[in-house]
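These notes concern the structure reproduced below.
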Amino acid sequence: IMQGDVVGLAIDRSMSLVVALLGIAKSGAAYLPLDPEYPSERISYMLSDSGAKLLITNQQYIGVFTSQIQEISLETIERDSTALPDHSPENHTIGDDLAYILYTSGSTGKPKGVEIEHHSLTNFLLSMQHEPGITREDRLLAVTTISFDIAGLELYLPLISGAELILADKESARDAKKLLKLMDVEQVTIMQATPATWRMLINAGWDTKKSLKVLCGGESFPKDLAEKLLRLSSEVWNMYGPTETTIWSTVKRLHANELNTITVGSPIANTSVYVLDENLNPVPRGETGQLFIGGAGVARGYH
């Protein structure tokens, strides 16, 4: 694997997943995150379209995806790694290098691969350290599939901050009762999820206040859900941003007396937002327009 190559990653949720992601980054390659549970035709399309040179996957998925690229099982890598040096490789990665390619849902035809560079991901993570904020005492529960870009916050933010990362396995990630138990047993202090997941947790019996910072994004935030979460947690944050501008572009802490209009808040570090008309001119205050996002998070482009 050479600097700038794309490596597909389709492995089940485990600590080995985190190790593999960091290993690809250290090699200078970019990763293509693939959820093994996605339809095999979709995964095959993304492997082909991205020009991936290698697919790292679990032994049980070898040969499942119809692609011509080289496949290697995680189990083989872990077996052979005992003979390799245990120090980090020399890393010549710079900010303009590609960190990952993430495919959008493809609701308007075939999915499109969004190319995100290292400087964009780094800017995002350092901004998140500041607001909503994380400390070395925090314990973050990661529940999101790596095929959804917001997983980048869950996997890397605790690690660069000295906090603890608790990775829910795929069974727990989709079972609300198991998740609630995990939150209590592991004394989770930060968790990020979509409104649908937060509602699922409430419907599964979450009814006592937790010392928890709630990050909610990916869909519009209903007022009734915001009210319930404010009663059940210590902080609630509305997160907004498309894949094309690196995970979240704006954040807003919600307060009980300000829920008549739930806004997307203010831009994160080194980010600007504009409301423009069809001629790309700023609209007057209070008028409707299109939201444009600029700054450090803007992707290199579509692959």
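The values are calculated or read from the model by the stated rules, or taken from the named source; none is laboratory data. This structure is a prediction, so every number in the text was calculated from the model and none was measured. Glycine gets a Cβ as well: all are built from the backbone with ideal geometry, and neighbour counts include every protein chain shown. When the accessible area is computed, the model is the full protein with side chains, heavy atoms only, and any ligands, DNA or RNA have been set aside. Shrake-Rupley method; radii C 1.70, N 1.55, O 1.52, S 1.80 Å.
Given the conditions (1) open to solvent by 10 Å² or more (accessible area, probe 1.4 Å); (2) under 27 Å from Gly95 (Cα atoms); (3) without any contact (Cβ under 8 Å) to a residue 60 or more places away in the chain, which single one is not true for Thr250?
Going through (1) open to solvent by 10 Å² or more (accessible area, probe 1.4 Å); (2) under 27 Å from Gly95 (Cα atoms); (3) without any contact (Cβ under 8 Å) to a residue 60 or more places away in the chain one by one, Thr250 breaks only (1).
Here are some conditions: (1) of a type in the set (A, V, I, L, M); (2) open to solvent by 20 Å² or more (accessible area, probe 1.4 Å); (3) within 21 Å of the chain's Cα centre (by Cα). Leu84 meets all but one. Which one does it not meet?
(3)
Would you point out the residue of segment 146-172, among those that are touching a residue at least 60 places away in the same chain (Cβ under 8 Å) and farther than 16 Å from Ser16 by Cβ, that is most open to solvent (accessible area, probe 1.4 Å)?
Phe148
Can you tell me how many residues within segment 9-32 are within 16 Å of Asn58 (Cβ to Cβ) and among the small types (Gly, Ala, Ser)?
So the answer is 5.
Might you check whether a residue that is more than 21 Å from the chain's Cα centre (by Cα) and either farther than 23 Å from Ile134 by Cα or modelled with pLDDT under 95 (or both) occurs anywhere in segment 213-222? First the steps, then the outcome.
Start the filter on segment 213-222 by keeping residues that are more than 21 Å from the chain's Cα centre (by Cα), which leaves 222.
Imposing the further condition that a residue be either farther than 23 Å from Ile134 by Cα or modelled with pLDDT under 95 (or both) reduces the set to 222.
Yes, because at least one residue in segment 213-222 is more than 21 Å from the chain's Cα centre (by Cα) and either farther than 23 Å from Ile134 by Cα or modelled with pLDDT under 95 (or both).
Quick check on segment 59-74: of everything there that is touching a helix residue (DSSP H, G or I) at 6+ places or on another chain (Cβ under 7 Å) and open to solvent by 80 Å² or more (accessible area, probe 1.4 Å), which residue is nearest to Thr145 (Cα to Cα)?
Applying the first criterion (touching a helix residue (DSSP H, G or I) at 6+ places or on another chain (Cβ under 7 Å)) to segment 59-74 yields 59, 64-67, 69, 73-74.
From what is left, the residues that are open to solvent by 80 Å² or more (accessible area, probe 1.4 Å) are 59, 66.
Numbers: Gln59: 19, Thr66: 22 Å.
Among those that are touching a helix residue (DSSP H, G or I) at 6+ places or on another chain (Cβ under 7 Å) and open to solvent by 80 Å² or more (accessible area, probe 1.4 Å), it is Gln59.
Failed condition for Pro36, given (1) assigned to a loop (DSSP other than H, G, I, E, B); (2) surrounded by fewer than 17 Cβ atoms within 10 Å (Cβ to Cβ); (3) touching an Asp or Glu at 6+ places or on another chain (Cβ under 9 Å), with all others met?
Pro36 satisfies every listed condition except (2).
Table: residues versus (1) touching a residue at least 24 places away in the same chain (Cβ under 8 Å); (2) in contact with a helix residue (DSSP H, G or I) (Cβ under 7 Å, 6 or more places away or on another chain); (3) open to solvent by 60 Å² or more (accessible area, probe 1.4 Å).
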residue: Ile268; (1), (2), (3): yes, yes, no
residue: Tyr274; (1), (2), (3): no, no, yes
residue: Glu278; (1), (2), (3): no, no, yes
residue: Pro284; (1), (2), (3): no, no, yes
residue: Gln290; (1), (2), (3): no, no, yes
residue: Tyr302; (1), (2), (3): yes, no, yes
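Output the qualifying pairs, or none if there are none: Cβ atoms under 6 angstrom, residues six or more apart or on different chains, first residue in segment 209-229 and among the polar types (S, T, N, Q), second residue modelled with pLDDT of 95 or more.
If the second residue must be modelled with pLDDT of 95 or more, the pairs left are Ser211/Ser234.
Within the group Ile293, Ile262, Ile268, which residue is modelled with pLDDT under 95 and within 30 Å of Leu230 (Cα to Cα)? Talk me through it step by step, then tell me what you get.
Working: Ile293 fails: modelled with pLDDT under 95; Ile268 fails: modelled with pLDDT under 95.
Result of the check over Ile293, Ile262, Ile268: Ile262.
How many residues does segment 189-205 hold that are touching a residue at least 24 places away in the same chain (Cβ under 8 Å) and open to solvent by 10 Å² or more (accessible area, probe 1.4 Å)? Walk me through how you get there before you give the answer.
Kept after step one, since they are touching a residue at least 24 places away in the same chain (Cβ under 8 Å), are these residues of segment 189-205: 189-195, 197-205.
In the following step, the residues that additionally are open to solvent by 10 Å² or more (accessible area, probe 1.4 Å) were identified as 189, 194, 197, 199-200, 202-205.
Total satisfying the criteria: 9.
Give the residues of segment 1-33 that are in a helix (DSSP H, G or I) and either of a type in the set (S, T, N, Q) or touching a Ser or Thr at 6+ places or on another chain (Cβ under 9 Å) (or both), sorted by residue number. Let's see the steps before the verdict.
We begin by selecting, within segment 1-33, every residue in a helix (DSSP H, G or I); these are 15-27.
Matches in segment 1-33: Ser16, Ala25, Lys26, Ser27.
Quick one: Leu180 ticks every box in (1) surrounded by fewer than 22 Cβ atoms within 10 Å (Cβ to Cβ); (2) over 24 Å from Tyr100 (Cβ atoms); (3) out of contact with any Phe, Trp or Tyr (no Cβ under 6 Å at 6 or more places or on another chain) bar one, so which box is it?
(3)
Only one of (1) under 30 Å from Pro111 (Cα atoms); (2) open to solvent by 40 Å² or more (accessible area, probe 1.4 Å); (3) polar (S, T, N, Q) fails for Ser234. Which number is that?
Exception for Ser234: condition (1).
Identify all residues within segment 133-165 that are over 22 Å from Leu180 (Cα atoms) and modelled with pLDDT under 95; write none if there are none.
Across segment 133-165, the qualifying residues are Ser147, Asp149.
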